[in-house]
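First up is the structure itself, then whatever we jot down about it.
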Amino acid sequence: MKNFLIVVMLNIATYSFAQYGVTSYGTNASISGNFNSFFGEAAGGPYSSNSSFVGYYAGDRDTGGGSTFIGAYSGTYNRYGQYNTFLGSRSGYNNDFGGYNLFLGSYSGHNNVSGNNNVFIGYKSGYSETSSNKLYIENSDSTIPLIYGKFDTDQIGLNTINIPLGYTLAVKDKIITEELRVRTYANWPDHVFENDYKLPDLTEVEKHIQTNGHLKDIPSAKNVRDNGFLIGDMNSRLLKKIEELTLYTIAQQKALDEQKQKNKELEHRLLLLEALVQSKNKKK
């Protein structure tokens, strides 16, 4: 056993100095390139540099540099891709030209050939994705991952890959949150309480409702169904209507108070008249 270990160590030492800084062990493992570590049968490519490949046929055809492949058949068909990190059996299996990718999980990024700057996390994550600058966090080969992202546009999708232009986050179905804060919304309707604000006449309001079926400046039900609405914008519109309603209520209360005062005055005058009538009747 001691002699066997000595032979193994001598072989490793021989492989280690075949090129500059190359450490290699395994049947047909490459001893080419510079500053490489290759462990496993047929691990390592013919012209790799600054790379570490561990596993059966890991990086078998690699001619690039700066990559780390760990797992059987990881990066097997990679030839020109550089600075890739593939962890898991058959991760990045078909990658050829793609560079700067991070694939974590068996079969992750399996069919990527030339995509760059991707991050795939999970078993079979990004299995069929072939483009660049994508994020997949998923535990299957689904094309609609739990978390999807576009690094080039800084966009994130949860259970969806459809993120409209101009939006940072898209979520499929419902969400629940303990708090939601909308910041720096410019069109807050405090101007309704300014002295020069022209409060719509209630007759005009009634006419608009009868004609259109909804309040002025508030989208119709059909419009909301078709286009949705912006939370900040809708809150501003609703607050404006509440403020207008408050002014209507204040005006109505003033009118009621004036009417009450008039009623009191009329009641007082009526009592005086009744007293006068009773006094005259007694004199007869």
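The values are calculated or read from the model by the stated rules, or taken from the named source; none is laboratory data. Keep in mind that what you see is a predicted model, and the values were worked out from it rather than measured. Ideal geometry is used to build each Cβ from the backbone, glycine not excepted, and the neighbour counts take in all protein chains shown.
Looking across the range 207-220, the residues that are over 17 Å from Lys240 (Cα atoms) and surrounded by 10 or more Cβ atoms within 10 Å (Cβ to Cβ) come down to Lys207, Asn212, Gly213.
For Val119, the criteria (1) among the β-branched types (Val, Ile, Thr); (2) farther than 26 Å from Ser67 by Cα; (3) crowded, with 17+ Cβ neighbours inside 10 Å hold in every case but one, which is (2). Scanning the range 82-112 for residues that are outside any loop (DSSP other than H, G, I, E, B), of a type outside the set (Ser, Thr, Tyr) and within 12 Å of Gly71 (Cβ to Cβ) yields Phe86, Leu87, Phe103, Leu104.
Taking the listed residues Tyr185, Tyr197, the one that is of a type in the set (Ser, Thr, Tyr), at pLDDT below 95 and within 28 Å of the chain's Cα centre (by Cα) is Tyr185, with no other qualifying. Taking the listed residues Gly71, Gly75, Gly92, Gly65, the one that is in contact with a strand residue (DSSP E or B) (Cβ under 8 Å, 6 or more places away or on another chain), modelled with pLDDT under 95 and surrounded by 18 or more Cβ atoms within 10 Å (Cβ to Cβ) is Gly65, with no other qualifying. Here the range 132-177 is the region considered, the condition is being outside any loop (DSSP other than H, G, I, E, B) and aromatic (Phe, Trp, Tyr), and the residue that is surrounded by the most Cβ atoms within 10 Å (Cβ to Cβ) is Tyr136.
From the list Arg225, Arg237, Arg269, the one residue that fits, being assigned to a helix (DSSP H, G or I), exposed (fewer than 10 other Cβ atoms within 10 Å of the Cβ) and assigned by TED's automatic domain parsing to the domain that holds Gly213, is Arg225. Every condition in (1) more than 21 Å from Asp152 (Cα to Cα); (2) not in a loop (DSSP other than H, G, I, E, B) holds for Phe120 except the one numbered (1). Of all the criteria given as (1) modelled with pLDDT of 90 or more; (2) surrounded by 12 or more Cβ atoms within 10 Å (Cβ to Cβ); (3) of a type in the set (A, V, I, L, M), the one not satisfied by Leu230 is (1).
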